[in-house]
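The values are calculated or read from the model by the stated rules, or taken from the named source; none is laboratory data. The structure presented is a predicted model; accordingly, all values stated were derived computationally and were not measured. FYI the Cβ positions are ideal-geometry reconstructions off the backbone, even for glycines, and counts take in every protein chain you see. For the accessible areas, the whole protein counts, side chains as well, though only heavy atoms, and no ligand, DNA or RNA atoms are used. Shrake-Rupley method; radii C 1.70, N 1.55, O 1.52, S 1.80 Å.
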Amino acid sequence: MQLTPIINNLAHSEKLPEETIRKCLDLGDDIVPAFLSILIRFTENTPLSDAEEQAIFLIVHLLGEIGDKRAFPVLLDFLQADQDRINDVLSDALTETVPSIVISTFDGDVDRLVGLINNPNVVDVMRAGAMEVWAYFVARGDIPRDVAHQQLSNWFSGLQPKVKITSGFRWSSALPC
């Protein structure tokens, strides 16, 4: 598989590169390691080519569409990287699509998700989105309600800086009093 043409097409296409996106989706699990490598290098501040940097937006979304669980820890580390750079490459996707991408790649590691929420260096909008993802997993039953109740108590008393929980999820119906 030649990665360079794929990255160049993702980065430099004047319109949505539908053919390249279909090719990436067809490659599925085979392209995931190459995409993860780019996110890891971004996270570690290892220089990327201009094309790699410009392709990150679509790479993150392709990882979400593929739904490979190997992406979850890399994605969460990536989201905690330099927040100005993250905002530059993801912009409105931080609130619009990234939460769904995190859900689709979830590997069961709730502690890693909580670590993102607890990280005071992550912008509040990202932390709030991660809380919504966490709420989704509580509602789905991936996080036991007693654990969720304790975590909410911890956040209420100690999360710094204070993050407003914006989820529409009704805690009163999910947690015992």
- Task: With respect to Asp111, determine if the residue is in a loop (DSSP other than H, G, I, E, B) and at pLDDT 90 or above.
- Result: no
- Within segment 47-84, the residues that are assigned to a loop (DSSP other than H, G, I, E, B), without any contact (Cβ under 8 Å) to a residue 40 or more places away in the chain and open to solvent by 50 Å² or more (accessible area, probe 1.4 Å) are Pro47, Lys69, Arg70, Asp82
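Which one of Val133, Val122 is at negative phi and outside any helix (DSSP H, G or I)?
Numbers: Val133 fails: outside any helix (DSSP H, G or I).
Val122 is the lone residue from the list that is at negative phi and outside any helix (DSSP H, G or I).
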- Message: I'm told Asn87 meets every condition in (1) open to solvent by 60 Å² or more (accessible area, probe 1.4 Å); (2) within 15 Å of the chain's Cα centre (by Cα); (3) at pLDDT 95 or above except one. Can you identify the failing condition by its number?
- Response: (3)
- Message: Condition first: more than 17 Å from Phe137 (Cα to Cα), of a type in the set (Val, Ile, Thr) and open to solvent by less than 20 Å² (accessible area, probe 1.4 Å). Now tell me which residues in segment 90-124 satisfy that.
- Response: Val122
- Message: Let me spell it out: the conditions are (1) open to solvent by 60 Å² or more (accessible area, probe 1.4 Å); (2) over 19 Å from Leu113 (Cβ atoms); (3) under 15 Å from the mean Cα position of the chain (by Cα), and Ile40 meets all of them except one. Which number is the exception?
- Response: (2)
- Query: Conditions: (1) more than 23 Å from Ile7 (Cβ to Cβ); (2) assigned to a helix (DSSP H, G or I). Ser104 meets all but one. Number of the miss?
  - Reply: (1)
- Task: Go through (1) without any contact (Cβ under 8 Å) to a residue 12 or more places away in the chain; (2) surrounded by fewer than 16 Cβ atoms within 10 Å (Cβ to Cβ) and name the single condition Asp29 misses.
- Result: (1)
- Just one of the numbered conditions (1) among the aliphatic types (A, V, I, L, M); (2) modelled with pLDDT under 95; (3) assigned to a helix (DSSP H, G or I) is not true of Ile38; which one? (2)
